[in-house]
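Single-structure report; data block below.
The values are calculated or read from the model by the stated rules, or taken from the named source; none is laboratory data. Since we're looking at a predicted model, the values are computed, not measured. Neighbour counts run over all protein chains shown; Cβ positions are idealised from the backbone, glycine included.
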Amino acid sequence: MFRTYLKTAYRNLFRHKGFTFINIAGLTLGITACLLIGLFVYDELQYDKFLPEGDRVYRLYNDMSAREDGAMVAPVPPKYGTTLEQSFPEVETVVRILMLQFDANNLVEVGDKSLYEKGRTYTDPGFFELFQLPFKYGSPEKALEDPSSIVISDTFAERVFGDTNPVGKQVLVNKLPYLVNGVFASNDKFHLPVNFILPMAAAELPAERMKRWSWQQFYTYVKLQEGADPQFVQDKFRAIVAKQIDPERNQPFGYLPVFQPLNEVYLYSAGFKYDQAIKGNITYVKALSVIAAFILLIACFNFVNLATAKSMQRAREVGVRKAVGASRGQLVVQFLAETVFLTFISIIFSAALTSLLLPSLNAFTGKEMSFNIFTDPSLLLLLFLLTLVVGILAGFYPALVLSGFKPVKVLKSAVVVDSRVGRIQWLRHGLIVVQFTLSIFLIICAFIVFRQVSYLHNKDLGFDKEQIMFFQMRGDSMFENYETLKNELRKAPGIKDVSIGYGFPGDATAGDGIIVPKNGEQVHHSVTQLMVDYDYLNTLNVKLLAGRPFSKKYGTDADHAFMINETAVRELGYGTPEKALGKPLRWQVWSDTNPDTLKEGKIIGVVKDFHFKSLYDKVEPTVLQIFPGAYWKVAVKIDAADVAGSVGHVKRVWDKFSPDYPIEYTFIDENFDKMYKAEDKLRTLLWIFTGIAIFIACLGLYGLAAYAAERRKKEIGIRKVMGAENTSIVVLLFKEFLMLIVAATLLSFPLAWYAMHSWLQNFAYRIEIPLWVFLAAGIVAGIVAFATVSYQALKAASANPVANLRFD
């Protein structure tokens with residue numbers, strides 16, 4: 001019997017080649033899109049899943065959302081870790097990781113090999129007890145207890161030591177010697193991009209600073225005892241934090257520690273400040289999953305529409321089968337078998353197309369996803385289940401319709417007058433509306449995402465980011481002679497200006513406190529600190545609103561002067577930039593020898609707000625000051641007319657001051673472009689999948705238009721004999737679909753507005769959703785639909801009317 005079903009399915013598919021092609025093409029594209037998106041989503045969900053006992057691991061972060069400019073802050077004070085370890089029996093292990101730039105290069109030297117490596121960090125000895133990464137060489141026990149030891153990744157070891165066991169061998173990191181104490185197996189699904197790990201003791205942090213509750217400089221992880229309630233531990237710890245932090249500081253800082261499960265760190269931390277871990281975005285994962293579901297639904301609806309449209313042509317077949325004794329159940333099984341067979345063909349094409357496109361997707365996303373049905377049995381099972389699910393989903397209703405025809409009625413006449421036909425037409429119309437609603441929804445989203453991403457790249461940031469070469473100082477000679485370095489760099493005619501500091505746009509900045517004396521009280525405020533030199537404003541072309549910039553003419557500027565931005569003017573309560581001038585500020589100096597030193601000075605100038613971070617974040621209250629002890633980056637403003645010559649001059653000056661270090665540099669505008677990689681990729685993917693969705697919907701519309709034209713051949717023939725023009729025939733057939741497109745357009749508007757309004761809330765600076773986007777999307781959908789229907793309409797209108805009138 002099953003063999004008979006397959007034979008019948010095969011014959012019907014080849015009898016209606018056009019409809020078969022449309023169905024297979026639609027299902028193939030829909031399933032391929034789902035497979036590609038599914039592979040991406042699955043890969044995103046795998047982060048940190050490989051770690052044993054990861055369900056008991058939590059990351060601490062500070063929730064500052066109660067503040068006006070509040071956010072989630074990834075680093076926390078060092079005292080968090082020691083308090084949890086010493087006072088909470090529910091805690092098994094605590095690990096602090098010093099907040100460094102994981103993507104900063106470190107000079108690594110082994111013998112005659114010298115190269116830059118990323119991923120350096122300092123951490124507590126329990127790192128490998130909490131994160132149970134397997135070791136290739138050495139042992140994780142006590143691997144980080146010796147301050148002169150280092151633990152490296154297997155990829156690091158291979159680059160530096162080759163295939164030999166490096167344990168016990170020496171490696172120089174930024175000219176400091178360490179002995180390799182172990183090699184761990186790296187995993188690209190670990191959210192911490194660690195490449196080589198040093199003991200916390202090697203950082204030589206002052207003991208006094210490690211006791212602070214306000215120095216937010218550590219990523220802190222906690223592993224709880226089995227059965228411990230994380231909510232209970234969190235609430236208990238919050239009570240301690242509220243008591244320990246100085247009440248004066250607690251109000252403006254608004255600390256609220258949160259225990260974040262390890263399996264949420266990667267996907268649910270996209271908006272965290274100062275978070276240098278590898279991050280995904282659950283919003284984009286969900287959005288792509290929804291798009292995949294939309295595309296698959298559109299493809300399935302195509303099949304339902306076309307199958308019910310063609311059902312009239314199979315009415316006599318059903319009547320004959322029922323007359324000779326076939327039951328309705330047998331007919332349902334037969335028609336479902338046809339659908340599953342067609343789906344199986346589509347799955348084969350989809351698997352081949354997915355394998356073909358996956359390398360391009362990997363290159364685009366930077367992943368290493370695989371799709372090999374011959375080596376992965378789970379993929380074969382997935383494709384088998386997908387065949388059944390899609391086949392039954394797409395074919396169930398058409399099977400009920402076809403099997404429900406009454407043999408007496410369908411055998412008496414070529415025209416089926418079953419009352420069910422009207423409901424079939426409404427179903428087809430309803431599915432067309434749904435298809436185009438989803439398609440127009442995606443068009444609107446694609447338009448708005450495109451405009452927002454363009455806005456991110458083109459918004460005026462308040463400074464000049466073009467042609468600014470940017471590099472980190474290395475070697476004692478540079479740090480000790482930075483003024484001489486600046487003078488040497490300026491000697492080339494292509495160098496416009498040079499600035500040295502800490503806190504350039506697109507780079508690391510310092511979140512710290514400032515003390516504002518008010519009415520006899522010392523009020524603490526959280527601000528961003530930019531440690532600048534006298535040429536910072538000129539090099540970046542930052543605008544001055546009031547007062548004056550730092551100047552060497554005033555001997556007190558280095559030790560007793562501050563500048564602030566206009567946001568700080570508002571938040572510190574000064575009213576206007578002019579009124580802020582001369583107001584006193586105090587700052588607790590970063591000092592290893594005397595951490596209680598206060599720098600006291602006055603505000604000498606106010607700068608216009610400028611964006612030194614991405615447009616996800618609001619401009620924060622910012623204090624600029626002269627503090628050479630923090631200088632570590634150099635910004636060189638280059639004349640666009642001679643970039644190559646200027647870069648060459650910078651390299652020669654580098655070799656003069658730091659010949660032992662290879663130069664590495666970037667440009668500030670490149671740093672900002674990197675901030676929006678995720679949005680750039682989302683924009684591209686959205687355009688691609690929107691195009692697929694529209695194409696699939698148009699395939700279905702094309703098939704239905706062909707059926708409508710065939711069904712109305714006699715009417716078209718009569719109209720042509722009566723003198724009707726081709727244009728009127730096209731309008732006649734398009735009117736059947738026009739109202740459906742209009743209905744779909746109106747339904748898609750509120751859905752798209754809500755989705756895009758919610759997405760735009762992720763950005764502190766965003767576009768307004770324009771009305772024309774909705775109108776444009778509706779017009780685009782209408783034009784596409786009209787072009788699709790017009791081809792079939794013109795084909796029918798151009799046919800010989802005599803032939804149409806003979807049609808039976």
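The figures follow:
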| quantity | calculated |
| --- | --- |
| When residues of segment 129-168 are limited to those that are touching a helix residue (DSSP H, G or I) at 6+ places or on another chain (Cβ under 7 Å) and in a loop (DSSP other than H, G, I, E, B), the one surrounded by the fewest Cβ atoms within 10 Å (Cβ to Cβ) | Pro147 |
| Qualifying residue in segment 26-39 (condition: of a type outside the set (D, E, K, R), in contact (Cβ under 8 Å) with a residue 60 or more places away in the chain and not in a helix (DSSP H, G or I)) | no |
| Scope segment 508-534; condition touching a strand residue (DSSP E or B) at 6+ places or on another chain (Cβ under 7 Å), assigned to a loop (DSSP other than H, G, I, E, B) and at pLDDT 90 or above; matching residues | Asp533 |
| Top-ranked residue in segment 185-230 [being of a type in the set (Asp, Glu) and closer than 29 Å to Gln529 by Cα; ranked as surrounded by the fewest Cβ atoms within 10 Å (Cβ to Cβ)] | Glu204 |
| Criterion: without any contact (Cβ under 8 Å) to a residue 40 or more places away in the chain and among the hydrophobic types (A, V, I, L, M, F, W, C) - qualifying residue of Ile663, Ile688, Ile626, Ile668 | Ile688 |
| Residue in segment 758-780 that is surrounded by fewer than 16 Cβ atoms within 10 Å (Cβ to Cβ), of a type in the set (Val, Ile, Thr), over 30 Å from Ala71 (Cβ atoms) and modelled with pLDDT under 85 present | no |
| Output for segment 192-235, where each listed residue is part of a helix (DSSP H, G or I) and either aliphatic (A, V, I, L, M) or under 16 Å from Gln86 (Cα atoms) (or both) | Met200, Ala201, Ala202, Ala203, Met210, Lys211, Val233, Gln234 |
| Residues within segment 474-524 that are of a type in the set (Asp, Glu), over 37 Å from the mean Cα position of the chain (by Cα) and within 23 Å of Gln625 (Cβ to Cβ), tallied | 3 |
| Failed item, numbered, when Phe184 is tested on (1) in the same structural domain as Asp146 (by TED's automatic domain parsing); (2) in contact (Cβ under 8 Å) with a residue 60 or more places away in the chain; (3) in contact with a helix residue (DSSP H, G or I) (Cβ under 8 Å, 6 or more places away or on another chain) | (2) |
| When residues of segment 90-128 are limited to those that are loosely packed, with under 15 Cβ neighbours inside 10 Å and either in a helix (DSSP H, G or I) or of a type in the set (D, E, K, R) (or both), the one modelled with the lowest pLDDT | Asp103 |
| Which numbered condition Phe50 fails, given (1) buried (at least 18 other Cβ atoms within 10 Å of the Cβ); (2) in a loop (DSSP other than H, G, I, E, B) | (1) |
| Residue match in segment 330-348 (condition: part of a helix (DSSP H, G or I), of a type in the set (Val, Ile, Thr), surrounded by 12 or more Cβ atoms within 10 Å (Cβ to Cβ) and out of contact with any helix residue (DSSP H, G or I) (no Cβ under 8 Å at 6 or more places or on another chain)) | yes |
| Selection status of Lys189, on the phi > 0 side of the Ramachandran plot and part of a loop (DSSP other than H, G, I, E, B) | no |
| Residues of segment 743-779 satisfying the condition of being of a type in the set (Val, Ile, Thr) and under 20 Å from the mean Cα position of the chain (by Cα) | Ile767 |
| Unique residue being closer than 23 Å to Leu615 by Cα, in contact with a Lys or Arg (Cβ under 8 Å, 6 or more places away or on another chain) and of a type in the set (S, T, N, Q) when the list is Thr528, Thr539 | Thr539 |
| Filtered residues of segment 109-125 (kept if of a type outside the set (Asp, Glu), in contact (Cβ under 8 Å) with a residue 60 or more places away in the chain and farther than 27 Å from Val94 by Cβ) | Val110, Ser114, Tyr116 |
| Scan of segment 275-290 for residues that are of a type in the set (A, V, I, L, M, F, W, C) and either assigned by TED's automatic domain parsing to the domain that holds Asn62 or in a loop (DSSP other than H, G, I, E, B) (or both), ordered by number | Ala277, Ile278 |
| Residues of segment 189-224 that turn out to be within 25 Å of Leu115 (Cα to Cα) and either among the polar types (S, T, N, Q) or not assigned by TED's automatic domain parsing to the domain that holds Glu92 (or both), as a count | 1 |
| Residues within segment 488-507 that are part of a loop (DSSP other than H, G, I, E, B) and either on the phi > 0 side of the Ramachandran plot or surrounded by fewer than 22 Cβ atoms within 10 Å (Cβ to Cβ) (or both), tallied | 8 |
| Segment 353-373 residues that are within 17 Å of Leu288 (Cα to Cα) and outside the structural domain of Gly30 (by TED's automatic domain parsing), paired with ones that are at pLDDT 90 or above and of a type outside the set (D, E, K, R) (beta carbon under 9 Å, 6 or more apart) | none |
| Matching residues, segment 431-469, being assigned to a loop (DSSP other than H, G, I, E, B) and free of Cβ contacts under 8 Å to residues at least 40 places away in the same chain | Asp460 |
| Residue within segment 160-180 that is at negative phi, free of Cβ contacts under 8 Å to residues at least 12 places away in the same chain and not hydrophobic (A, V, I, L, M, F, W, C) present | yes |
| Test for Gly38: is it surrounded by fewer than 22 Cβ atoms within 10 Å (Cβ to Cβ), closer than 24 Å to Ala697 by Cβ and modelled with pLDDT of 90 or more | yes |
| Hey, Thr484 part of a helix (DSSP H, G or I) and of a type outside the set (Gly, Ala, Ser) or not | yes |
| Flag if Ile515 is among the β-branched types (Val, Ile, Thr) and surrounded by 22 or more Cβ atoms within 10 Å (Cβ to Cβ) | no |
